[in-house]
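Since the structure comes first, as structure tokens, the remarks are kept for the end.
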Amino acid sequence: MKKITCFVLLLAASLSTFAQTWKSDKAHSQLKFDVQHMGISTVSGEFKDFTATVTASKADFSDAVFTLTAQTASINTGIEQRDNHLKTPDFFDAATNTTLTFKSTSLKKTGENKYQLTGDLTLHGVTKPVTLDLWYRGTIENPMNKKQVAGFRATGTIKRSEFGVGAKFAAPMLSEEIAIIADGEFGKE
């Protein structure tokens with residue numbers, strides 16, 4: 001009996017360390033960006049078609065791995081003419097570079113529920129490391145479906161020239177820095 005109890009305890013302990021996958025809820029997740037136009041206004045946009053996952057074995061997500069894939073043709077700034085231009089080789093070249101991707105490579109705790117998230121971003125056919133600020137907003141039980149959901153917000157900036165985006169447009173026309181704002185609600189699989 002003692003051997004069986006020890007085995008059950010060891011099995012339970014090992015199961016608790018297995019990584020679990022969480023998938024983004026499309027209805028409650030956003031991938032947005034802001035760019036300054038001529039230094040006097042901000043143009044905001046989003047990628048409407050994307051998927052993201054988080055894989056972690058720890059309850060505080062301190063060992064999490066984040067992945068994201070967005071369809072570049074799903075770019076939306078609210079102005080059809082501008083969106084069509086952004087899909088051309090002048091910017092995202094959506095016909096050739098159909099997706100942008102992100103995969104985290106490290107996660108460093110910086111405070112309570114705050115992390116520095118580093119990963120490889122592939123955009124416009126160029127892969128570069130980027131670092132974002134990550135806020136783990138908590139985990140709750142969804143009262144509608146009784147499933148566990150976790151919330152995250154990632155923010156940071158990238159330089160468009162490092163990815164060859166909008167190379168024909170000088171910084172006075174479009175800011176070099178693009179602000180990234182990603183909000184996600186993730187359901188445990």
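The values are calculated or read from the model by the stated rules, or taken from the named source; none is laboratory data. On a predicted model such as this, the values are computed, not experimentally measured, just so you know. Note that we place each Cβ from the backbone using ideal geometry, even for glycine, and neighbour counts take in every protein chain shown.
Out of segment 46-64, which residues are part of a strand (DSSP E or B) and in contact (Cβ under 8 Å) with a residue 40 or more places away in the chain?
Taking segment 46-64 as the starting set, the residues that turn out to be part of a strand (DSSP E or B) are 46-47, 50-56.
Those that are part of a strand (DSSP E or B) and in contact (Cβ under 8 Å) with a residue 40 or more places away in the chain: F47, A52, T53, V54.
So, A59, is that one modelled with pLDDT under 95 and surrounded by fewer than 16 Cβ atoms within 10 Å (Cβ to Cβ) or not? Yes; evaluated as a whole, the condition is true for this residue.
Tell me which residues, restricted to segment 120-135, are aliphatic (A, V, I, L, M) and surrounded by fewer than 16 Cβ atoms within 10 Å (Cβ to Cβ). Walk me through it before giving the result.
Within segment 120-135, the subset aliphatic (A, V, I, L, M) is 121, 123, 126, 130, 132, 134.
Across segment 120-135, the qualifying residue is only V126.
The lone criterion from (1) of a type outside the set (K, R); (2) touching a residue at least 60 places away in the same chain (Cβ under 8 Å); (3) more than 30 Å from H85 (Cβ to Cβ) left unmet by G184 is number (3). Condition check for T110 on (1) polar (S, T, N, Q); (2) in a strand (DSSP E or B); (3) under 22 Å from V43 (Cα atoms): one failure, at (3).
What tally of residues in segment 65-107 results from selecting those that are assigned to a strand (DSSP E or B) and over 27 Å from E141 (Cβ atoms)? Give the derivation first.
Of all residues in segment 65-107, those assigned to a strand (DSSP E or B) come to 65-71, 75-76, 99-107.
Pick out the ones that are also over 27 Å from E141 (Cβ atoms) and you get 69-71, 75-76, 99-103, 105-106.
Residues that pass the stated criteria total 12.
Restricting attention to segment 140-189 and to residues that are in a helix (DSSP H, G or I) and not charged (D, E, K, R), the residue that is nearest to K58 (Cα to Cα) turns out to be F163.
Look at E112 and say whether it is on the phi < 0 side of the Ramachandran plot, modelled with pLDDT under 95 and not β-branched (V, I, T). Spelling it out, E112 is indeed on the phi < 0 side of the Ramachandran plot, modelled with pLDDT under 95 and not β-branched (V, I, T).
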